[in-house]
Amino acid sequence: MREEQSAKTFHISTFGCQMNLADSSTLASTLISRGYRRVSDEQDADIVVFNTCSVREKAEERVFGRLGDMRRLKAQRPGVKVAVVGCMAQRLGNEIQRQAPHVDIVLGTDRVFELADVIEGREGTSAIMTAFGHENMDLIAPERENAHSAFVTISRGCDNYCTYCIVPYVRGRERAHSVEQIVNSVQKLCAEGVVEVTLLGQNVNSYRHGETGFPELLRRICLETAVPRVRFM
């Protein structure tokens, strides 16, 4: 009990799409594996994380509104760390700290899972990191709230660059997890009692890793795992 009480605590607020929800679950898993403890109320957290969205302007306005609340929290508890991660962090970078100087950490979409390293001051990390190309593409098992359903990220980013869409600019070029990684992840989830997996990506049906496209990936999952139901979005 003493160890649990002394562990650093964190709270994550998530804005935006299912991918962000999955990323928040994965981020929670990485923090827990490093000895941090998740709490349900940001008022009780040592680290308050906002995983953000830039697809709609309203989502960014909501985050800045919440960051205003954090100014009051930090006045009461100066040791609290505030982190803004994800798409809005990628798009705005330094501008976030210019508008909200009490924000401690800004991590773009490829740097989200380095949060623990940044908090702990690991070599090679800094408070603002938005460069693409540094993301750990290992499939990290996310923290799950639903015992029977799980997200599996199969790819990130998009190469389409549609005129109306910001996704390629904040998520980067498309890159995919290997078929073996994805199948292994689904197999582990099945062993834990999961009966439904949802495959996630900015554009899942454009999935390609080497010579394997999305139809072959679905076939491999169906042949090599026991999961009863596969969805994708």
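None of the figures in this text is laboratory data; all of them are computed from the coordinates on show. It should be emphasised that the depicted structure is a prediction, and the values quoted were computed from it without experimental measurement. Cβ sites come from the backbone with ideal geometry, for glycine too, and all protein chains shown count toward neighbours.
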- Of the GluC sites (Glu not before Pro) in region 148-196, those whose Cβ has at most 15 other Cβ within 10 Å and which sit in DSSP loop: 192
- Message: From the phi angles alone, apply the Karplus equation (6.51, -1.76, 1.60; θ = phi - 60°) to region 145-151 and give each ³J(HN,Hα) in whole Hz, x where the residue is Gly or Pro.
- Response: 8, 9, 5, 10, 9, 8, 8
- Note on the structure: From fewest to most C-beta neighbours within 10 Å, the residues 55, 103, 167 line up as 55, 167, 103
- Note on the structure: Per residue, the convex hull enclosing the alpha carbons of the chain has a volume in Å³ of 131
- If pairing requires two Cys Cβ atoms under 4.7 Å apart, which cysteines of the chain are left without a partner? 17, 53, 87, 158, 190, 222
- Query: All other residues with a Cβ under 12 Å from the Cβ of residue 222 taken together, and with Lys, Arg as +1 and Asp, Glu as -1, what is their net charge?
  - Reply: +1
- Around residue 11: net Lys/Arg minus Asp/Glu count, Cβ-Cβ under 10 Å: -3
- Item | For residue 195, residues with placed amide H under 5 Å, excluding near neighbours | 149
- Cα gyration tensor shape for region 2-129, rounded if a/c is under 1.5, else prolate or oblate: rounded
- Message: Test of understanding: what is the full-extension gain from residue 229 to residue 205, defined as 0.36 nm times their sequence separation minus their Cα-Cα distance?
- Response: 6.9 nm
- If Lys and Arg each add +1 and Asp and Glu each add -1, what is the summed charge of the other residues whose beta carbon sits under 14 Å from the beta carbon of residue 204? +2
- Electrostatic dipole magnitude of the chain [Cβ: Lys, Arg +1; Asp, Glu -1; Cα centre; debye, to 20]: 420
- Roughly what angle does helix 18-33 make with the longest principal axis of the chain, taking Cα atoms, 0 to 90 degrees, to the nearest 10? 70
- Note on the structure: The simple spin-label model distance between residue 169 and residue 39, using points 7 Å out along Cα→Cβ, in nm, is 3.8
- Item | Interchain or long-range residues, amide H under 5 Å from residue 153's placed H | 200
